[in-house]
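One structure is given below, encoded as C-alpha cells.
The values are calculated or read from the model by the stated rules, or taken from the named source; none is laboratory data. From a predicted model like this one, the values you see are computed outputs, not experimental measurements. Quick reminder, even Gly has a Cβ in these numbers, built from the backbone with ideal geometry, and neighbours come from all protein chains shown. Just so you know, the surface numbers come from the protein's heavy atoms only, side chains and all, with ligands and any DNA or RNA stripped out. Shrake-Rupley method; radii C 1.70, N 1.55, O 1.52, S 1.80 Å.
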Amino acid sequence: MPGQEIISTEPATGAVLWRQMSGDADTEVGIARRSWAEWAARPLAYRIEALRRFANVVRQKSDAFTDLIARETGKPIWEARTEVETVIAKVDISVTAYSERTGQRRVDAQMNTRLALRHKPHGVLAVLGPYNFPAHLPNGHIVPALLAGNAVVFKPSEKTPASGAFLVDCLHAAGIPEGCVRLLIGGPDQGKALAGHPDIDGLLFTGSATTGIALNRQFAAQPDKILALEMGGNNPIVVWNTPDLYSAAVLVVQSAFTSAGQRCTAARRLIVDQQLFDPLMAEIDKLVSRLIIGEPHADPAPFMGPVIDNNAADMLTESFVSLLTLGGRPLRHMERPIESRPFLTPGMIDMTNATEKPDVELFGPVLQVYRCDTFEAAIAEANDTRFGLSASLISQDPRLYDQFWANIRAGIVNWNRPTNGASSAAPFGGVGWSGNHRPSAYYAADYCAYPVVSSESDQARAAMGVGLRDA
Ligand code: NAD
Ligand code: SIN
C-alpha cells in the first residue's frame, strides 16, 4: 500500500504539530512476530521491572507529555495532566490485576497429582487507539498485553499520532525491546491492514461502534483470534427526587460536557422528572453560561477545549440542526464562536416530543433532554438504546437506586456521581453496542492471556484397577 503523509494539527490553533509518512502493517507485524518469543520467555519479574521503568520514564517526561497531549487533542492542560498520571498508575494496577486474574494457582491436589492453572500470552496483539485519550486508552491495552508476555503493534488514531509515538518512545526508553512494541502510523487503511493481517493473534480496539462492528464482522470467521472491543455509548443520566438541584446540575454538566463531550462515558441524554424540569434546567443553564471554553493553556483554565477538528465540529452542528428538524426544542443553541476553529458551546435540546430519537452517539457537547412522568417511564427511556456503557441516577432515594440498578442495562451504573470518570482499578466496559463482553481496565488482564490447565505428577506412576483380564 503506498504511504500517505499523516499530519497532526492542533485543534485550538490549526498549527501543524507533527507529520510523518504512514507505516506498513506487514513490516511491523513481521518485526513483532520475530521478537515475541524472547519477550514471552522472560520471567514475569523481568517484565514487571521493565514496565515499572516505563512508569518512571513517563514520570520524568510528564510535563512534555502533558503539553503534547493538550496541544494535540485540544483538552485543557489540567485534564491532559490527569491522563499522564493515569498512564503511570496503570502499571501497578496491571501488575495486581495480572496476579489476581491471570496469575498461577493450584486448583486441586490429589495424591501425587496436582491440577495447576497458569496463563499464556496470545502472541502478537494489535492495538487500535482512539483520539480522545490518545495515551491512556491504548496504554490500557498495551501495558497488560506486554506484562502477560505479548508483543504489540500499536496504531494510534491518525488524529493523535504524536501522542501515540511519544508513548511508544517511553516504552523503548525504558528498555522494552523495540521489536516487542511497534508503532504503526496511519489511518483507517493501515488499521484495516493491521486488523486483517494473518500473523496477528488478536486485536484490542477502542473506538466507535461503527468501526468496532466492522471489525467484529471481519473477525467472525476467525475464532482463533482474540478480539476486545471497547466502543461508544448513548449514555443516560436520570434526575429524580433530589433536593439539591445545584449539585444535580453540576453532575449533569460534568457528565455531558467534560472533554467537550468527547468521552465514551459522557451523558448524552438527560432524563428528568417533569416536575423538576424547569428548576433543574435553570440551574444547568446558569452553570453552562459560566463555563470557560478555551485553548489548553489559557489562563484562567478552561473547563473544556475545542472538539478534535473542524469535520467533527461540522458534523456536530449539523446533527444539532437535524435534531431540531425532528421536533427537538432548543434549550441552548450550539454555537461556534470562531468559524475556522472547532470550538463549540454546549448545546441542549428537549427531545421529549420529537418524532424520532436517533440512537447514535453524538461525540461532542450535545445534551438531549427527555421529560418523564413516572420513574418507570424514565428507566424505559434510559434503556431505549442499543448501547449500554454508562448510566447515572441522581436521587436522594436509595429505593429508586435499587430499582434503577436492577433494571438499567449498562456496564457502569452510578449513583449521585457523573456518568464519566471511570476508575482504572475496576473493570470498564459495556453491553449492547458498547462492547463485546471483554471489559478493559482492571479486566484487561483477562483478554491478554489464555488459561492453561495442567494435571501434573512428578512421576509416571499408574495402575489400572478395572476392565483387565487376569495376567
Ligand atoms: P474510530 O472508530 O474512528 O477510530 C478508532 C481507531 O480505529 C483509529 O485508530 C482509526 O484509525 C481506526 N480505524 C478506523 N476505521 C477503521 C477500520 N475500518 N478498520 C480498522 N481500523 C479502523 O474512533 P475515534 O473517532 O478515534 O474515537 C472516538 C470513539 O471511541 C467514540 O465512539 C468513543 O465513544 C469511543 N471510545 C470508547 C472508549 C471505551 O473504552 N469504550 C473509550 C474512548 C473512546
Ligand atoms: C473514556 O474512556 O472516553 C472516558 C472514560 C471516563 O471518563 O469514564
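Mind checking the full-extension length gain between A471 and T325? Use 0.36 nm per residue of separation minus the Cα-Cα distance, one decimal, nm.
43.6 nm
Let's test this: bin the Cα-Cα distances of the chain at 10 Å from zero up to the farthest pair and state each bin's percent.
Once binned at 10 Å, the Cα pair distances of the chain give 4, 19, 28, 24, 14, 6, 2, 1, 0, 0.
Hey, rough spin-label estimate for V431 and K120, points 7 angstrom out along Cα→Cβ, what's it come to in nanometres?
That separation, rounded to one decimal, is 3.4 nm.
With every protein chain left in place, what is the accessible area per residue of the stretch 235-415 in square angstrom, probe 1.4 Å? Numbers along the way, then the final one.
Details: 7330 Å² over 181 residues.
On a per-residue basis, 40 Å².
Could you pull out the pairs from K159/K192; K61/K120; K75/K357 whose alpha carbons sit more than 23 Å apart here? List each step's numbers first, then the result.
Numbers: K159/K192 16 Å; K61/K120 33 Å; K75/K357 30 Å.
In this structure, K61/K120; K75/K357 exceed 23 Å between Cα atoms.
What list of ³J(HN,Hα) couplings, whole Hz, do you get for the stretch 17-32 from phi and the Karplus terms 6.51, -1.76, 1.60, once you set θ to phi - 60° and write x for glycine and proline?
My calculation for the stretch 17-32 gives 9, 6, 8, 6, 6, 5, x, 10, 4, 4, 4, 5, 5, x, 5, 5 Hz in order.
Which whole-percent values make up P(r) of the stretch 198-324 when all C-alpha to C-alpha distances are grouped in 10 Å steps starting at zero?
Pairs per bin, as whole percents: 11, 29, 29, 19, 9, 2.
Taking the Cα centre of the stretch 235-415 as the origin and placing charges on Cβ (Lys, Arg +1; Asp, Glu -1), which of L400, M348, P296 is farthest toward the positive end of the dipole?
Checking the options against the dipole of the stretch 235-415, the answer is P296.
In square nanometres, what is one fourth of the surface area of the convex hull spanned by the alpha carbons of the stretch 1-139?
In nm², the orientation-averaged hull projection of the stretch 1-139 is 11.3.
On the accessible surface of the chain, probed at 1.4 Å, how many percent belong to carbon and sulfur atoms?
Answer for the chain is 51 percent, counting heavy atoms of protein chains only.
Report the FRET efficiency, 1/(1 + (r/R0)^6), for D67 and E356, where r is their Cβ-Cβ distance and R0 is 41 Å, rounded to 0.05.
Working: r = 43 Å, r/R0 = 1.06.
Working from the Cβ atoms, E equals 0.40.
Expressed as a whole number of Å, what is the distance separating the alpha-carbon centroids of the stretch 141-217 and the stretch 286-354?
31 Å
Going Cα to Cα from K225, which aspartates and glutamates come in below 17 Å? Please leave out same-chain ones fewer than 8 positions away.
Here the aspartates and glutamates satisfying the reach criterion relative to K225 are D199, D201, D446.
Might you tell me the accessible area per residue for the stretch 1-157, computed with a 1.4 Å probe and given in Å²?
Result: 44 Å² of accessible area for each residue.
Residue-wise, which Karplus ³J(HN,Hα) couplings in Hz belong to the stretch 293-300, taking 6.51 cos²θ - 1.76 cosθ + 1.60, θ = phi - 60°, and x for glycine or proline?
Using θ = phi - 60°, the values come out as 10, x, 6, x, 9, 4, 10, x Hz.
Quick one: which residues, 5+ away or cross-chain, put their amide H under 5 Å from the amide H of I6? H built at 1.01 Å from N.
Q20, M21, S22
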